[in-house]
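I have placed the structure first, in the form of structure tokens, so that the comments after it can refer back to it.
The values are calculated or read from the model by the stated rules, or taken from the named source; none is laboratory data. Given the structure is predicted, the values throughout are model-derived calculations rather than measurements. Because the Cβ atoms are built from the backbone with ideal geometry, glycine has one as well, and the counts that use them run over all protein chains shown.
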Amino acid sequence: MGLLNPAFWTFVAVIAGIYAIMALGLYVQFSLAGLPNFGHVAFMAVASYTMAILIVRYGVPLPLAGAAGIGASIILALIMGVPALRLRADYLAIATVAGGEIIRYLALNLPDLTGGPIGSIGLLGPGDIATYNQEWQAFLDMLGRLAAPIFGRMPSRDLVMALLIWGLAIVLIWLGWLLERSPWGRVLEAIREDETAAVAVGKNIVAFKMQALILGAILAGMAGLLLAWEIGVFSPDDYQPTLTFYAYLILILGGMNRIWAIPVGSILFSLMYTGTRFLNFYPLSLFDSGSRAFLRLFLVGLLLVLFMAFKPEGLLGDRRRLLLEK
Amino acid sequence: MSVLLEVRDLHKSFGGVAAVAGATFDVAEGSITALIGPNGAGKTTAFNLVTGFLAPDRGTVTFADRRIERWRGDAVARAGLVRAFQTARVLTRMSVIDNMLLAGKDQPGEVLGAAWFVPRRVARREAELRRQARELLDLVRLSPLADAMAGTLSGGQRKLLELGRALMVEPRMILLDEPMAGVAPVLAEQLVEHILRLRAERGLTLLIIEHDMDMIMSVSDRVIVMDEGRVIAEGSPNEVQQSERVIEAYLGRLSPDGLGT
Amino acid sequence: MLQQLAQLVVNGLITGTILALTGVGATLVFGIQRIANFAHGEYLTFGAYVGLFLNVDAGQSLPVATVGAILATGLLALALHFAVLRPLRNRGLVAMSLVTVGLGLMLRDLLFMIAGPRIRQLRIDQTAVFDLGLVRISPGQLAAIIMTVVVAPAVAFFLAKTTIGKSMRAVADNRDLASVAGIDVERIGAYVWFLAGALAGIGGIMFAVVQGTFDPNLGYQVLFLVFTTVVLGGIGSAYGALVAGFILGLAMELSTWSGFAGGLEPRFKPVLAFVALIGLLLYRPQGLFGKARIV
């Protein structure tokens, strides 16, 4: 697809919106509650698999299956609560990656349950191709028909999706912003800096942290579902730890403590990520499209290092209120 | 006067070393009681045990007729028993007034989602708490610094802030851990003044760990002396000062902060 | 069944030895530098690829390639320490973890870009089999055994008898005390990175020969095995890592023995390590030989 193909950019917009919601979930857990969750991707995996299995194998209607997917993310958050509340920062980081990898390994190696390495396509066993997002596409088409008068023609599914997702993302970020400024957010800010002080003034820090964890899980679950519905297929490979670090990079790019910087971070990230295919000048033209994938990941790593080193507050963040020194 | 805090046979060991070995004492409501003893006597550990920051191995703590030895720190604070720390733990990245607002009691805004569903109720309570905070800041004479970052405050100012913050929780009893330590004399005098006024005007009960004997003598009704994890003497300041057992404990330890520093 | 058991024990010991050697370097570095190095797996990969370059492209023998890998990886670790990790040291645990994640991504994908994603192997005839009656050993495993026999005693001697080695253990055990005793903690810290890199380098070669084939994902796949070894042995305890490596290696292999109620399916072996890691972090973070610090 060429640089000026609108369909491509619509797709990028969709991905950016979904990643923004994913990053928002991480924001709540990490920037608000100070929990370095390196296994964020697991919430997305659990939601998607639950939803797909229910639709494909049990014919559950999409809204219900989606809700069940979110429920699965919540359950995972509750399980994660045990280590999250007891481990110090770097141990928690290790434990959460390990947890996420357990989920991925189980998904990879329990083909009867999850379709194994082939992923969602294999949910009905070999020989059958399982799909789960017909209802979602019908829903998008319906929205498209409703919106057709505005556009003068029937908008593409991706366009509807992009508008829908960004509408949702903006609303969610706004709700998160309200939360951040409320007394609830204030308690979390105190917990981030000094838990003992928060306890000394009577705050039940266990409850607050669990709430942040669950909220973040719900958001990640939503992002997982939306991504699954947009792409139409997924496999365990889509839920590698790298995805969690995309979310961290998005937060870091925009500013780890500025909730409204999340769209900026996710758009920049998506542009960088998808834009590498357009870098058709030397020496990057030496890389064929397969190698571009590695270049992208290399850039992700490089940006992580550079930003953490030189601009940890991100492009829009506030250095003064940065709380990384734990 | 009724007994507000009752501590019975409190024990706590760390890896074989007994920090507190059978501490027993009472604190009467409305009194100002000092807890003194050589370094390592177990005073701060006793504070931690009483306020739920540490779990005792054995023993009971009764506050306002409720057994609280198994309670967590935040629950104890909500019940009205609030403690301050040896080095004031203020939230340096929040403003002074936000530090105060944080400590406010019964905030509907602390419920997840309240900001979305009942914003007016949240705002109302915030306004109330803001008034209360300003009053208390006036009381501890930190009002001019209300909007400053708590991190810019001096050590003594931080102690005052911590005191104000403790008052926001509307406690019945406050535990102060070496409030005079590292505080400039001017602010120290203010602290003493505040302590006396708090008792007089609000009926607050205070238990204070201190080494500054002058302060103790002038302020406390009763003195409890701890040594090696247990209570070795109790009584009025004069009685305790003249007790042989107490003198022995201090001199025997060759501690630099003996009597009458 | 007995034969399977014997074979599993041999496999487990060999895996264990790789984890043990790599673990010694990792635990010293984690203990002294107080950092969870998420790029550590990539040090192993780097070692394997340097070995590959020397062995296959430059036509050197395996021993020469191995020595080259050890030196190169040691230098890499040292370089990253000075260039990236030390300057950023005071940013906090989470920031450092993110930085090491970034470094790992960079290293891994650089290797993907330069060396390509296809599977490679070192110049060892993997088709031969040494039949020792009860068990069979592949040439790769034999090579690994030889390397262990050469390297492990050297490392043990180094740690036990040389001044630098003893200093390393002292700093890992109690940094402040070591500093007061006159040990230049900064310099030892740098040496430790070199050692960790060197051991990762040989660990990478050993994994490469034992597995037979590898690609740039080699190290990433064993990163958590290394973490588990480090935590199991007690962070900072070199001897602990040595023991823990063997325990983990054996445990993983033996778990698949049919004598244990049918045994775990081999593809779930890594899950065992993950679960062990989480369990340890939660309930016994000091592992077997570490000190119980207040976490």
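Of A:Ala212, A:Ala190, all but one fail to be more than 7 Å from chain B (Cβ to nearest Cβ) and assigned to a helix (DSSP H, G or I); the exception is A:Ala212. Which of the residues spanning the range C:33-60 are surrounded by 24 or more Cβ atoms within 10 Å (Cβ to Cβ) and assigned to a helix (DSSP H, G or I)? Across the range C:33-60, the qualifying residues are C:His40, C:Gly41, C:Glu42, C:Tyr43, C:Leu44, C:Thr45, C:Phe46, C:Gly47, C:Ala48, C:Tyr49, C:Gly51, C:Asn55.
For the range A:42-87, the set of residues classified as touching a residue at least 60 places away in the same chain (Cβ under 8 Å), over 14 Å from A:Leu225 (Cα atoms) and either crowded, with 21+ Cβ neighbours inside 10 Å or within 11 Å of another protein chain (Cβ to nearest Cβ) (or both) consists of A:Leu76, A:Ala77, A:Met80, A:Ala84, A:Leu85, listed by residue number.
Determine, yes or no, whether A:Thr96 is within 30 Å of A:Ile165 (Cα to Cα) and in a helix (DSSP H, G or I). Can you show your working first?
Working: within 30 Å of A:Ile165 (Cα to Cα): yes; in a helix (DSSP H, G or I): yes.
So A:Thr96 passes the test.
Got at least one residue in the range A:107-123 being at pLDDT below 90, in a loop (DSSP other than H, G, I, E, B) and away from every other protein chain (no Cβ under 14 Å)? Yes - at least one qualifying residue is present in the range A:107-123. Filtered by the rule that a residue be assigned to a loop (DSSP other than H, G, I, E, B) and either in contact with a Leu (Cβ under 7 Å, 6 or more places away or on another chain) or surrounded by 13 or more Cβ atoms within 10 Å (Cβ to Cβ) (or both), the range B:173-207 gives B:Glu178, B:Pro179, B:Met180, B:Ala181, B:Gly182, B:Val183, B:Leu204.
Only one of the listed residues (B:Leu91, B:Leu101) is within 10 Å of another protein chain (Cβ to nearest Cβ), more than 19 Å from B:Thr205 (Cα to Cα), among the aliphatic types (A, V, I, L, M) and part of a helix (DSSP H, G or I). That residue is B:Leu101.
Taking the range B:141-159, which residues are within 14 Å of B:Thr87 (Cβ to Cβ), in a helix (DSSP H, G or I) and away from chain A (no Cβ under 14 Å)?
Hits for the range B:141-159 are B:Gly155, B:Gly156, B:Gln157.
Here C:Ser97 meets each of (1) surrounded by fewer than 14 Cβ atoms within 10 Å (Cβ to Cβ); (2) within 14 Å of chain A (Cβ to nearest Cβ); (3) touching a residue at least 40 places away in the same chain (Cβ under 8 Å) with one exception, condition (1). Could you say whether any residue in the range A:164-177 is under 23 Å from the mean Cα position of the chain (by Cα), closer than 20 Å to B:Glu126 by Cα, free of Cβ contacts under 8 Å to residues at least 60 places away in the same chain and assigned to a helix (DSSP H, G or I)? For the range A:164-177, residues under 23 Å from the mean Cα position of the chain (by Cα), closer than 20 Å to B:Glu126 by Cα, free of Cβ contacts under 8 Å to residues at least 60 places away in the same chain and assigned to a helix (DSSP H, G or I): present. Of note, A:Gly202 satisfies the criterion of being within 12 Å of another protein chain (Cβ to nearest Cβ), on the phi > 0 side of the Ramachandran plot and more than 14 Å from the chain's Cα centre (by Cα). Considering (1) surrounded by fewer than 20 Cβ atoms within 10 Å (Cβ to Cβ); (2) within 13 Å of chain A (Cβ to nearest Cβ), the lone condition that B:Asp26 does not fulfil carries the number (2).
Can you say whether B:Thr45 is away from chain A (no Cβ under 11 Å), farther than 19 Å from B:Leu167 by Cβ, touching a strand residue (DSSP E or B) at 6+ places or on another chain (Cβ under 8 Å) and surrounded by 17 or more Cβ atoms within 10 Å (Cβ to Cβ), as far as the supplied structure shows? Yes.
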